Amino acid sequence: MTDGRLVLSAPAVPEVLEVVHTMLAQLWARADTWDQRDRTRFELAVIEVLGNVVEHAYAHDTESGRRFDITLVADDEHVVASLADNGLPVALDLSGVALPEDELAESGRGLALATAALDDLRYERVEGRNHWTLECRRGSAG
């Protein structure tokens, strides 16, 4: 934890999802007044977005330089995750993200679930990196 923030820089590989789960547990240990509903919706969104980064940002990358950074911070009213990666740019309009019409579809749900769970989800491409900001406000419906 650095200045109230949990920070990680790591390879963007599937195994890192477990490390981020551990970070989230550490965050909640420090922000223990947050209720389970808010914790769950924030965790769902973080893992869905990070899962997309790991799966899609490097889909055509065979090099070993795949990395991402994550910062988690919580105060009395907000919890925020900031993710940045050096993967491929995302061509995405977050306002148009929706669940797939086919109930049995195996993909295409992650960003729609994250959008529904969060109060704010932003994406931008800056200086060759993808930047995601995920915010959840205490007690809101997402």
Q: Out of the residues in region 113-142 that are among the aliphatic types (A, V, I, L, M) and touching a Gly at 6+ places or on another chain (Cβ under 9 Å), state the one that is surrounded by the most Cβ atoms within 10 Å (Cβ to Cβ).
A: LEU118
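A quick yes/no check of all residues on (1) modelled with pLDDT of 90 or more; (2) in contact with a Pro (Cβ under 6 Å, 6 or more places away or on another chain); (3) part of a helix (DSSP H, G or I):
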| position | (1), (2), (3) |
| --- | --- |
| GLU43 | yes, no, yes |
| PHE68 | yes, no, no |
| SER82 | yes, no, no |
| PRO89 | no, no, no |
| LEU92 | no, no, no |
| PRO100 | no, no, no |
| LEU113 | no, no, yes |
Q. Under the condition of being among the acidic types (Asp, Glu) and open to solvent by 70 Å² or more (accessible area, probe 1.4 Å), which residue from region 1-54 is nearest to the chain's Cα centre (by Cα)?
A. GLU18
Q) Which pairs do you get when a residue that is under 26 Å from ASP76 (Cβ atoms) and in a loop (DSSP other than H, G, I, E, B), found in region 1-24, comes within reach of a residue that is modelled with pLDDT under 95 and open to solvent by 70 Å² or more (accessible area, probe 1.4 Å), reach meaning Cβ atoms under 9 angstrom, with the pair 6+ apart or on two chains? A) MET1/ARG30; GLY4/ARG30; GLY4/ASP75
(Q) Considering only residues that are farther than 25 Å from SER140 by Cβ and in contact with a Phe, Trp or Tyr (Cβ under 9 Å, 6 or more places away or on another chain), which ones fall in region 14-52? (A) VAL16
Q) Which of the residues belonging to region 119-142 are closer than 13 Å to LEU88 by Cα, outside any strand (DSSP E or B) and of a type outside the set (Gly, Ala, Ser)? A) GLU127
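The values are calculated or read from the model by the stated rules, or taken from the named source; none is laboratory data. Model, not experiment: these values are computed from the prediction. A quick note on method: Cβ atoms are made from the backbone with ideal geometry, for glycine too, and the neighbour counts reach across all protein chains shown. Remember, those area values only see protein heavy atoms, side chains included, never the ligands or the DNA or RNA. Shrake-Rupley method; radii C 1.70, N 1.55, O 1.52, S 1.80 Å.
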